[in-house]
Amino acid sequence: EIPDAHFARAIAAIIPDEKLQTLQDGHPAVFGFTIDKVARYRGTVFQDSESWTGSFRVIPLQAPSTTELNIPAGITDLCRGPGLLVIAGGTGEGKSTTAASLLSFINETRDEHIVTLESPIEFFIENKRSLVNQRDTPNSVHSVEAALQGDANVLYLGELESPSTILAALEAAE
């Protein structure tokens, strides 16, 4: 067993300051971090009844292509024009990987302004044909409105956690 002091030092080395404050305030912290040229990770750290604990998931440095994921052409066709695409599933079933693959497809095939609202950012997407802005922020009506005011014409919301955010997403798709 790792003593809490060792765990705290290890976490402090990788967790962003604002997420460390969340943890110190007694709330679970969900964050992403990268080990250069190795991999990206999504971490969740919290205190249970007896000690600190965490879970970490490996995220490849680059999103797989739509071909590598065997995404049907009918789905990629939906990414060629305006509309609303919802990706749903349970934890660890590939929602973020699928979304990153489809966003990369849009980035490679269209001239757009893509804004992602994620907490945390899982896959980093480099600008290709599109301008990609990725924001590590909880989704809210305010963050959706701010993205639209920034002239986003492709908007990705990592989570839809409240009725007001769902409504804002539907209005943004109109």
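Filter segment 93-133 down to the residues that are assigned to a strand (DSSP E or B) and open to solvent by less than 40 Å² (accessible area, probe 1.4 Å) and list them by number.
Hits for segment 93-133 are H113, I114, V115, T116, L117, E118, V132.
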Point to revise | Residues located in segment 47-59, provided they are open to solvent by 70 Å² or more (accessible area, probe 1.4 Å) and at pLDDT 90 or above | key: F56, R57, V58
Practice item. Kindly list the number of the only condition in (1) of a type in the set (G, A, S); (2) part of a helix (DSSP H, G or I); (3) surrounded by 14 or more Cβ atoms within 10 Å (Cβ to Cβ) that fails for A63. Key: (2)
Exercise for review: For residues that are of a type in the set (A, V, I, L, M, F, W, C) and under 20 Å from R110 (Cβ atoms), scanning just segment 155-168, find the one that is most open to solvent (accessible area, probe 1.4 Å).
Suggested key: L155
Point to revise | Given (1) modelled with pLDDT of 90 or more; (2) over 20 Å from T137 (Cα atoms); (3) under 17 Å from the mean Cα position of the chain (by Cα); (4) open to solvent by less than 50 Å² (accessible area, probe 1.4 Å), index of the condition A39 fails | key: (1)
Exercise for review: Tell me, please, whether a residue that is over 30 Å from R9 (Cα atoms), touching a Phe, Trp or Tyr at 6+ places or on another chain (Cβ under 9 Å), surrounded by 13 or more Cβ atoms within 10 Å (Cβ to Cβ) and at pLDDT 95 or above can be found in segment 66-75.
Suggested key: yes
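Please verify whether I87 is of a type in the set (V, I, T), open to solvent by 60 Å² or more (accessible area, probe 1.4 Å) and at pLDDT 90 or above, treating the condition exactly as stated.
The answer is yes for I87.
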Review point. Given (1) touching a strand residue (DSSP E or B) at 6+ places or on another chain (Cβ under 6 Å); (2) open to solvent by 50 Å² or more (accessible area, probe 1.4 Å); (3) among the charged types (D, E, K, R), where does R80 come up short, assuming only one miss?
Key: (1)
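Out of A99, A63, A152, I need the residue that is free of Cβ contacts under 8 Å to residues at least 40 places away in the same chain, under 30 Å from D36 (Cα atoms) and small (G, A, S). Which one?
On the way: A99 fails: free of Cβ contacts under 8 Å to residues at least 40 places away in the same chain; A63 fails: free of Cβ contacts under 8 Å to residues at least 40 places away in the same chain.
Answer to the check: A152.
I'd like the full set of residues that are among the small types (G, A, S) and loosely packed, with under 12 Cβ neighbours inside 10 Å, limited to segment 12-36.
Filtering segment 12-36 down to residues among the small types (G, A, S) leaves 12-13, 26, 29, 32.
Matches in segment 12-36: A12, A13, G26.
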Practice item. Taking the residues in segment 17-26 that are out of contact with any Pro (no Cβ under 9 Å at 6 or more places or on another chain) and touching a residue at least 12 places away in the same chain (Cβ under 8 Å) as candidates, determine which candidate is farthest from Q134 (Cα to Cα). Key: G26
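The values are calculated or read from the model by the stated rules, or taken from the named source; none is laboratory data. Bear in mind that the values here come from a model prediction, so they are computed numbers and not experimental data. For neighbour counting, all protein chains shown are included, and Cβ atoms are generated from backbone atoms with ideal geometry for every residue, glycine included. All accessible areas refer to the heavy atoms of the entire protein, side chains included, with ligands and DNA or RNA removed. Shrake-Rupley method; radii C 1.70, N 1.55, O 1.52, S 1.80 Å.
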